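Structure first, then comments.
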Amino acid sequence: MTVGELLKEYRIKQNKNQQEFSAGIVSQSYYSKVEKNIHRMTADDLLLLLTHNAIPVKNFFEKLEIDPHQQQLNQVNALFEEVTKANYSDNSLAKIKKIKEKAVKLDVEDDLKN
């Protein structure tokens, strides 16, 4: 999850529009682009925005997914778990082939090289 996506999630939970949520910290149009991940926000503005909207900084950053490859890593870990379980089943070869098909669809190898 990106900063913009998480801010939008909090804004919607608080039933605020973008102008109310950004309240003079940044313009509504700039804030809109932050939510859409077109613009980035400075750390100072982000902290002001969190404080203004009573969002605990620690909670915000705990929910924030910093590593762009985290989702892929989670998927790979899930596949490894499936392989481990498949090794102990009666039909392990067929299960492992299905897991391989899932892994090919992830195309993780090319993404991790970049």
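The values are calculated or read from the model by the stated rules, or taken from the named source; none is laboratory data. Bear in mind the structure is a predicted one, so any value in this text is a computation, not a measurement. Heads up, the Cβs are rebuilt from the backbone with ideal geometry, glycines too, and the neighbour counts pull from every protein chain shown.
Structural remarks
- Residue in segment 33-49 that is at pLDDT 90 or above, in contact with a His (Cβ under 9 Å, 6 or more places away or on another chain) and in the same structural domain as Leu7 (by TED's automatic domain parsing) present: yes
- When segment 1-11 is filtered for residues that are of a type in the set (A, V, I, L, M, F, W, C) and part of a loop (DSSP other than H, G, I, E, B), only Met1 remains.
- Where a residue in segment 4-25 is in contact (Cβ under 8 Å) with a residue 40 or more places away in the chain and within 16 Å of Leu48 (Cα to Cα) and its partner, wherever it lies, is of a type outside the set (Lys, Arg) and not in a helix (DSSP H, G or I), with Cβ under 7 Å and at least six apart: Leu6/Leu64; Tyr10/Asn53; Tyr10/Ile55
- Members of segment 12-41 that are assigned to a loop (DSSP other than H, G, I, E, B), at negative phi and within 19 Å of the chain's Cα centre (by Cα): Lys36, Ile38, His39, Arg40, Met41
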